[in-house]
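Every number in this text was worked out from the coordinates using simple rules, so none of it is lab data. These numbers come from a predicted model, not from an experiment. Backbone-built Cβ (ideal geometry, glycine too); neighbour counts: all protein chains shown.
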Amino acid sequence: MAGFLDRLLGRETKSAQQAKERLKLVLVHDRTDIAPGVLEVLKDDLIAAISRHIEIDPSAVRIEMTQEGREQRLIADIPLRPVRRRRVT
Amino acid sequence: MTGKVVTVTSGKGGVGKTTATANVGAALAQFGDKVVCIDADIGLRNLDVVLGLENRIVYDLVDVVEGRCRLRQAMIRDKRLPELYLIPAAQTRDKSAVSPSDMVRLCDELRPEFDWIMIDSPAGIERGFRNAIAPADVVLVVTNPEVSAVRDADRIIGLIESEEKGPARLVVNRIKPDMVRRGDMLAVEDVLELLAIELVGMIPDDEMVLTSSNRGTPVALDGKSKAGQAFRNIARRLRGEDVPFLSMDNEGGFLGKLVRRIRAGGD
């Protein structure tokens with residue numbers, strides 16, 4: 001009954017929505033010929049390179065492909081760590 | 001007269017390329033334009049049966065290209081629509097029997113005599129596809145609202161762009177409005193957002209498409225069929241008319257309205 005109600009009220013993730021989300025990812029990789037695993041390797045390399053110069057939080061780094069019309073863009077979101085100021089006594 | 005070459009393609013097989021070619025071609029001819037449909041699917045010809053002209057084939061596309069007959073001898077005239085002609089594909093040869101430059105030459109010969117040259121492309125991205133798009137002025141990409149067809153359409157659109165044959169225009173075929181309403185089928189807007197190209201037609205799933213192909217009479221000639229009307233609208237858009245898109249939503253009765261109201265409030 002709960003499942004039926006969920007479906008009736010549209011609480012369950014719709015299969016069309018899943019299709020769209022899956023296609024978004026597949027198309028980005030098809031268009032750029034970049035395998036999903038390559039992004040992970042790229043992310044590690046980026047973190048290593050940036051960390052040599054500035055302090056970042058590696059766990060917060062996000063690398064994503066986005067679509068604008070038929071153009072693909074690589075977006076890197078790299079939050080910087082705040083500088084810990086020493087208290088001047 | 002300088003005819004326009006319209007190539008109908010898709011990547012994936014079985015999405016409705018041949019049906020779209022036959023019906024858009026028939027609709028254009030019904031509007032009084034002079035149309036020739038070319039079946040470029042050498043080895044797997046089908047445009048002849050969908051148009052109901054299979055019993056009248058004497059010569060085919062490969063016979064023309066290899067000089068065994070004159071172009072005019074390979075053109076079959078449709079008796080119902082005197083402005084509609086078919087050049088069938090060869091059935092016992094393969095795609096390599098024709099080259100992209102053969103297709104360009106053939107279409108250049110046809111252009112002065114016709115308003116429209118419709119080319120039915122084979123599935124796939126190989127030689128047959130390249131033959132079909134080589135002479136194209138307009139490319140129609142047919143897809144269905146399902147993951148495999150949309151993915152293949154995207155691939156084909158990319159290839160059309162790289163061959164500088166674009167911009168491709170999209171036909172979404174076999175839409176089931178009830179499933180879209182339930183959230184179990186990609187809506188046309190979703191497909192458009194993913195593929196990011198211009199829409200030229202949306203065709204509802206319609207049993208009359210099958211019954212008319214059983215009979216060999218294009219559904220576009222049937223005034224009562226919804227799919228037929230959608231195909232006629234594509235033809236009118238190609239002719240430059242501004243035609244609003246058909247509503248895919250036929251309300252779904254009292255219960256459907258009620259459920260949608262609850263959902264809209266519940267989100």
Which residues qualify? For B:Val5, with a placed amide H closer than 5 Å and at least 5 residues away or on another chain, they are B:Ile117, B:Asp137, B:Val138
Here the Cα Rg-to-2.2 N^0.38 Å ratio for the range B:4-266 is 1.02
Helical mean residue ellipticity (222 nm; -39500 (n - 2.57) per DSSP H run of 4+; nearest 500) of chain B
-12000 deg cm²/dmol
Any idea what Rg and Dmax come out to for the range A:35-82 if you just take the C-alpha atoms, in Å?
12.0, 37
DSSP loop (so not H, G, I, E, B), at most 14 other Cβ within 10 Å: list which trypsin sites (Lys or Arg not before Pro) in the range B:22-72 pass both filters.
B:Arg68, B:Arg70
Neighbour cut-off at most 11 other Cβ (10 Å), DSSP loop, GluC sites (Glu not before Pro), the range B:164-209
B:Glu164
Non-local amide H neighbours of B:Ser10 (under 5 Å, H modeled in plane, Pro and chain starts lacking H): which ones?
B:Val142
Quick one: what are the phi-derived ³J(HN,Hα) couplings along the range B:180-189, Karplus 6.51/-1.76/1.60 with θ = phi - 60°, whole Hz, x for glycine and proline?
4, 5, 6, x, 10, 9, 4, 7, 4, 4
What do you get for the angle between helix B:253-266 and the principal long axis of chain B? Use alpha-carbon atoms, 0 to 90 degrees, nearest ten.
70 degrees
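How big is Rg to Rh over the range B:25-95, alpha-carbon atoms, Rh as the Kirkwood inverse-mean-distance radius?
Values: Rg = 11.7 Å, Rh = 12.2 Å.
Value, to two decimals: 0.96.
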Between the modelled labels at B:Arg56 and B:Ala196 (7 Å from Cα along Cα→Cβ) the distance in nm is 4.6 nm
Per the 1/(1 + (r/R0)^6) rule, R0 = 35 Å and r from the Cβ atoms of B:Asp242 and B:Glu146, FRET efficiency to 0.05 is 0.75
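Could you give the length gained by full extension between B:Asp137 and B:Asp108, i.e. 0.36 nm per residue of separation minus their alpha carbon distance, to one decimal place?
So the extension gain works out to 9.3 nm.
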³J(HN,Hα), Karplus 6.51/-1.76/1.60, whole Hz, each residue of the range B:78-87, x for Gly, Pro
6, 6, 6, 10, x, 9, 10, 10, 10, 10
Under 24 Å between alpha carbons, and skipping anything fewer than 8 positions from B:Lys17 in its own chain: which lysines qualify?
A:Lys20, B:Lys4, B:Lys34, B:Lys79, B:Lys95, B:Lys165, B:Lys176, B:Lys224, B:Lys226
For B:Leu199, enumerate residues with amide H under 5 Å from its amide H, sequence gap 5+ or separate chain, H modeled in the peptide plane.
B:Leu170
Using all C-alpha to C-alpha distances in the protein assembly as shown, build P(r) with 20 Å bins and read off the rounded percent in each one.
27, 46, 21, 5, 1, 0
